[in-house]
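**Student:** Below is a structure I'd like to ask you about.
The values are calculated or read from the model by the stated rules, or taken from the named source; none is laboratory data. Bear in mind that the values here come from a model prediction, so they are computed numbers and not experimental data. Because the Cβ atoms are built from the backbone with ideal geometry, glycine has one as well, and the counts that use them run over all protein chains shown.
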Amino acid sequence: SDVPEPIEEIRQKMTSVKHKILVLSGKGGVGKSTFSAHLAYALASDGSKEKARGLPGPGSDGDTLSQCTRDSSIDLVSANCGYNSAVIRQTVVALLDVDICGPSIPRILGLDGEQVHQSGSGWSPVYVEDNLAVMSIGFLLSSPDDAVIWRGPKKNGGFLHCFMSHTVADVPQISMIKQFLRDVDWGEVDYLIVDTPPGTSDEHLSIVQYLSSAGIDGAVIITTPQEVSLQDVRKEIRFCKKVKLPVLGVIENMSGFVCPKCKNTSQIFPPTTGGAQRMCEELDLPLLGKIPLDPRIGKSCDEGKSFLSDVPDSPAAVAYQSIVLSK
Ligand code: ADP
C-alpha cells in the first residue's frame, strides 16, 4: 500500500474510537488543559441519553445536536439522530495529553505519580473512572517537576525510553505523539479528546496527519477575551483551514468574574474589540460558551478534583455544563 505505515497503524487503532476532538489555543495559560479535563469529566458523567451540544453525539456518526430538533425531548433527539435510547450505556471518554511544554493533565485529574503500564498490545492508560481513561506524557516522568529527554523508540519494541533531565534537548515530540496515537490501548471509546500544545507547530501538523485517515471531528479553540489571545486564535483558525481541520467552535475562558456576593459580573480582561463573540461572528464560527473566572477552578484543579462536582452550582460550572450537555 502507498499509505505510510504509522498512519495505517493509527487508523486501525482508531477504528474503536468514535469521535476525535482536538483542543487548541493560540497561547499558553488561557485554560486549555483545564477545559480539556472538564470536557472529559462532563462527557464521562454524561448518560448516553445526553449529548455534547455542538459536538458530535456519542452514538451517532457525525451528527450534531444542531442538526437535530433543538427543543425536542431526549427521545425526539434520539429519533432524529438515529440514537438508540433503549440502549443505556455510559459515554466512554479518552483524554490524551500531548502538551509536552507542561503536561498539567495528571495534576488536574488528581493522577500525579501515576504510571502507565505496558500491556500485551501497547500501553494501558490510567483510569480516573471506569469510563474516563487518560494518557499523558506526565505519566512517563517520575516527578512532575522533571523535564524529559526523549530517545527514539527501540527499533523493534516500539517502547519509548525517557530519561530525566533538567534540560530539554532534542526532544523527538513527533515520535512520542505517534506512539501515543498508535500504542495506547483505549478500547472502545466514544470521545478521544486531545489536549495539544499552545500555538500551531509541527506537533499539531503531525497529529492532524496521523489522524487524517481515521477522521477528526474537529477542533475546539480556547481563548481569553483579550485581543492578544484572540489574535493568536485567528492564526489558529487559519492553520485549521490550511490543514482542513473543521473548527467545532470557540470557548471564551476567563470571561468576566461573577461576584459571589452581589452576583454582578466584572470584566477582568475587558474585551476591547468585542471579545470572542465578535470574532466568531466575523469568522462565522460557533461560540460554544463563555466560562467566567472563578478562583475555585484553580483550587479544584490543584487538588486534583473535578470542579464540576466540587462546586456544581457556580456560574463557571453551569457554563461548562451548558457547553457540554444538551439537557
Ligand atoms: P493552558 O492549558 O492554556 O496553559 P491551564 O488550563 O493550565 O492553561 O490554566 C492556566 C491556569 O488558569 C491554571 O492555574 C488554571 O487553574 C487557571 N484557570 C483556567 N481557567 C480558569 C477560570 N475560568 N477561572 C479561574 N482560573 C482558571
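**Student:** Among the listed residues ASP71, ASP99, ASP46, identify the single one that is at pLDDT below 95 and surrounded by fewer than 18 Cβ atoms within 10 Å (Cβ to Cβ). Steps first, please.
**Tutor:** Numbers: ASP99 fails: surrounded by fewer than 18 Cβ atoms within 10 Å (Cβ to Cβ); ASP46 fails: surrounded by fewer than 18 Cβ atoms within 10 Å (Cβ to Cβ).
Sole residue among the options that is at pLDDT below 95 and surrounded by fewer than 18 Cβ atoms within 10 Å (Cβ to Cβ): ASP71.
**Student:** While we're on this one: Condition first: farther than 15 Å from PRO125 by Cα and either within 14 Å of the ligand (Cβ to nearest atom) or not in a loop (DSSP other than H, G, I, E, B) (or both). Now tell me which residues in the range 87-102 satisfy that.
**Tutor:** Listed by number, the residues that qualify are ASP99, ILE100, CYS101, GLY102.
**Student:** Out of the range 191-231, which residues are within 16 Å of the ligand (Cβ to nearest atom), at pLDDT 95 or above and either surrounded by fewer than 21 Cβ atoms within 10 Å (Cβ to Cβ) or over 14 Å from LYS32 (Cα atoms) (or both)?
**Tutor:** Selection gives nothing.
**Student:** Sticking with this one: How about the range 102-118: which of its residues are at pLDDT below 85 and of a type outside the set (A, V, I, L, M, F, W, C)?
**Tutor:** Passing the criteria: GLY102, PRO103, GLN115, HIS117, GLN118.
**Student:** Moving on. Which helices (runs of 4 or more DSSP H) does the range 167-246 wholly contain that include 3 or more residues that are closer than 23 Å to PHE139 by Cβ and in contact (Cβ under 8 Å) with a residue 24 or more places away in the chain?
**Tutor:** The helices (runs of 4 or more DSSP H) meeting that bar are 173-183, 202-212.
**Student:** Now for a separate question. Can you tell me which residue among GLU236, GLU252, GLU227 is farther than 22 Å from PRO125 by Cβ and in contact with a Lys or Arg (Cβ under 8 Å, 6 or more places away or on another chain)?
**Tutor:** Working: GLU236 fails: in contact with a Lys or Arg (Cβ under 8 Å, 6 or more places away or on another chain); GLU227 fails: in contact with a Lys or Arg (Cβ under 8 Å, 6 or more places away or on another chain).
After applying the criteria, what remains is GLU252.
**Student:** Do we have VAL247 as surrounded by 19 or more Cβ atoms within 10 Å (Cβ to Cβ), modelled with pLDDT of 95 or more, closer than 14 Å to MET279 by Cβ and within 14 Å of the chain's Cα centre (by Cα) here? Reasoning before the result, please.
**Tutor:** Values: surrounded by 19 or more Cβ atoms within 10 Å (Cβ to Cβ): yes; modelled with pLDDT of 95 or more: yes; closer than 14 Å to MET279 by Cβ: yes; within 14 Å of the chain's Cα centre (by Cα): yes.
Yes, satisfied.
**Student:** Within the range 283-298, how many residues are part of a helix (DSSP H, G or I), within 11 Å of the ligand (Cβ to nearest atom) and in contact (Cβ under 8 Å) with a residue 12 or more places away in the chain?
**Tutor:** Narrowing the range 283-298 to residues part of a helix (DSSP H, G or I): 283, 295-298.
Still in the running and within 11 Å of the ligand (Cβ to nearest atom): 295-298.
Checking which are in contact (Cβ under 8 Å) with a residue 12 or more places away in the chain leaves us with 296-297.
Selection size over the range 283-298: 2.
**Student:** Looking at the range 258-281, can you tell me whether even one residue there is surrounded by 13 or more Cβ atoms within 10 Å (Cβ to Cβ) and in contact (Cβ under 8 Å) with a residue 60 or more places away in the chain?
**Tutor:** no
**Student:** Considering the range 258-282 alone, what residues qualify as being within 16 Å of the ligand (Cβ to nearest atom) and part of a helix (DSSP H, G or I)?
**Tutor:** Scanning the range 258-282 gives GLY275, ALA276.
**Student:** Could you tell me which numbered condition GLY304 fails, if it satisfies all but one of (1) out of contact with any helix residue (DSSP H, G or I) (no Cβ under 7 Å at 6 or more places or on another chain); (2) in contact (Cβ under 8 Å) with a residue 40 or more places away in the chain; (3) not in a helix (DSSP H, G or I)?
**Tutor:** It is condition (1) that GLY304 fails.
**Student:** Would it be correct to say that SER255 is within 16 Å of the ligand (Cβ to nearest atom) and touching an Asp or Glu at 6+ places or on another chain (Cβ under 6 Å)?
**Tutor:** no
**Student:** Next question, about the same structure. Counting only residues that are away from the ligand (no atom under 14 Å from the Cβ) and charged (D, E, K, R), which one in the range 299-327 is farthest from ARG107 (Cα to Cα)?
**Tutor:** LYS327
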